[in-house]
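Have a look at this one.
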Amino acid sequence: MKTRYKIIYTAIIILTVLTGFLSLAAGSVKYTLPEIISALSADDKSTAYVVIMSIRFPRFLTALLLGGALSLSGMLMQCYFANPIAGPFVLGVSSGARLTVALLSMTAISLGFSPHPFYMIFSAFMGAMLSLFCVLLIGRKAENGGTLIIAGVMIGYICQAVTEFVTTFADDQGIASLHAWSKGSFAGSDMRTVRITAPVVLICAIAVFMLSKPLGAYLLGESYAKSAGVDVKLFRTALILLSGLLAAVVTAFAGPVSFVGVAVPHIAKRLLGTEKPIILIPAVFLCGGLFCSLCDLAARTVFAPVELGISSVTAVFGAPVVIWVMLRRKTKV
C-alpha cells in the first residue's frame, strides 16, 4: 500500500510540473520548451522573459497555492460537519467578502475613482474574516454542526441581501466591476501576490498537517476523540478558523472559486484509497493545486483571446464529482 502512495504522489507531482510548462507555453503567444527554459534561467527584459516571468509564472504559482488552500479548507469542513458535500464557503465567507468588495467599489466609483486592486483584496479579506468572526461567536454557543451550518447560511443571506441593496443604487460601471470579481479569476496575479499568499497558505497548511492525529481521532467520533485526550471544543474552533482563513485568502485574491473545495478532497481519497489525515492532507493540497492550475489553463486558452471565469471551468469539472458523491452515498444508504 505504501508503494501505491508513492506512485500516486509521484504522478501528481509530474502532472503538476507538466501543467506548469503548458501554462508557461500556451496563450496568445506560444513559446517552445527551449524558450521557456531560457526565460526561467535568464534575467533580461525580452518579451518572452516579461510574459513568462511577470505574467504566466506568477499566475501558475497563485493557482497552485490557492487551489491547495481551497481544497484543504473544504476537507476541514467535510470533517467538521461529517458531510461529504460541505464546502469552504458554507460559513458565509464568500458572501462577506462580496459585500465588502461591493461597498468599496460602489463608494469609490461614486467618488469618481477606481479602487486600487490592493484595497479590493484587503476589503475582501476583511469581509470574509468578519463573517468568520460572527460564525465563531455563534459556534461558542452552538451545540452541534447543524446549528453552525444554519448560522453560516443565514449570515450569507444577510450579506447577500445588503449587497443586492447596495447594487440597486449603483451605476453600470459598479455593477460590471462586481460581476467581474464574482466570476473568479487568477488574472492579474504577480510575484507580489505570491509573496503575500504563500506564507499565509503554507503556515495554515502546516498547521492542518500538525492536526492530523487529533483529526483522525475526531473522525472516529467525538467520544473517541475525548477519550484520546482531544479538547474537542478547542479542536472544532481550530478547524473553523483554519478553514475560514484558507477560504478568505482565496476569496480575497481570486474571488469566489466554486466546487474545488467540495470535489478535490473526494478525488484525493479515491486516488489514495484512504481517509487517514496524515496521508490524505498533503495529497488534497497537491491535487487542489493541480486541479486549479489545469482549470485556469483551460479558462484562458480554450476560447482565447476570450478568458472564462475560473468558477465556470471548475464547475464543469467539479460538479460531476459532487453528483457522483451524492449518488454513491445514496446507493450505500
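Could you work out how much longer the chain between PHE122 and LYS6 gets when fully extended? Use 0.36 nm per residue separation minus the Cα distance between them, nm to one decimal.
Contour length minus the Cα-Cα distance gives 37.8 nm.
I need VAL90, VAL162 ordered by Cβ neighbour count within 10 Å, fewest first.
VAL162, VAL90
What ranking, highest mean first, results for peptides 285-292, 269-276 when packing means the other Cβ atoms within 10 Å averaged over each residue?
Highest to lowest by the protection proxy: 285-292, 269-276.
Here is a further query. Using only DSSP helix segments of four residues or longer, with each worth -39500 (n - 2.57), what per-residue ellipticity at 222 nm results for the chain after dividing by its residue count and rounding to 500?
-25500 deg cm²/dmol
Could you give the dipole magnitude of the chain about its Cα centre, charging the beta-carbon of Lys and Arg +1 and that of Asp and Glu -1, in debye to the nearest 20?
That gives the chain a dipole magnitude of about 1220 debye.
Same structure again: Please compare each pair in LYS226/LYS269; LYS233/LYS269; LYS2/LYS233 to a cut-off of 31 Å on the Cα-Cα distance and tell me which ones are over it.
Listed pairs above 31 Å: LYS2/LYS233.
Can you match Cα extents along the principal axes in Å to one of these, (1) 104, 45, 37; (2) 58, 49, 35; (3) 62, 57, 36, based on a calculation from the structure here?
Identified label for the calculated read-out: (3).
Among 217-227, 251-261, how do they line up from the highest to the lowest mean number of other beta-carbon atoms within 10 Å?
Those peptides, ordered most packed to least, come out 251-261, 217-227.
With a 10 Å radius around each residue's Cβ, average the other Cβ atoms per peptide and rank 207-216, 238-247, highest first.
Answer by packing, highest mean first, reads 238-247, 207-216.
Read the figures in this text as sums done on the coordinates, not as results from a lab. What you see is a predicted model, and the numbers here were worked out from it, not measured in a lab. Every residue, glycine among them, receives a Cβ derived from its backbone with ideal geometry; neighbour counts consider all protein chains shown.
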